[in-house]
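Participant: I have a structure here, written as structure tokens, and I will follow up with some questions on it.
Values quoted throughout were computed directly from the atomic coordinates according to the rules given, and no laboratory measurement underlies them. Just so it is clear, the model here is predicted, and its values are computed rather than measured.
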Amino acid sequence: MTVEVGPVGYATTGDGISIAYQRFGSGPPIARFVMFPLVLRALSHMEGINPLRRLSSVRSVLAWDLRGVGMSDRDVVDFSLDASVVDAA
């Protein structure tokens, strides 16, 4: 299955953090993020896209790196659930 993945975009959160994201697929949108343990901070959402390719045939998938992870701003100190909610917004 070939899915066209859009280019990496960047959004700025309400508290000024730059968040890397990609959108792919078609249909009603679904958001996806994973909170990696801090020891895996180098991982990006790009490593987790493959399982979502099948879903993207019926949904538009929005995947992003949380603050401090992958291609998002890495120089952050707040990794709380509240900060993740700000990232998602």
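Participant: Once phi is turned into ³J(HN,Hα) by the Karplus curve 6.51 cos²θ - 1.76 cosθ + 1.60 with θ = phi - 60°, what whole-Hz value does each residue of the stretch 73-82 show in order, with x for glycine and proline?
Facilitator: 3, 9, 8, 10, 10, 9, 10, 6, 4, 4
Participant: Output ³J(HN,Hα) for the stretch 55-65: one whole-Hz value per residue in order, computed from phi by the Karplus curve 6.51 cos²θ - 1.76 cosθ + 1.60 with θ = phi - 60°, and x for Gly and Pro.
Facilitator: 4, 5, 6, 10, 9, 8, 9, 10, 10, 8, 8
Participant: Still on this model: Can you give me the long-range amide H partners of Arg59? Hydrogens built in the peptide plane at 1.01 Å from N, cutoff under 5 Å, separation of 5 or more residues or another chain.
Facilitator: Ser26
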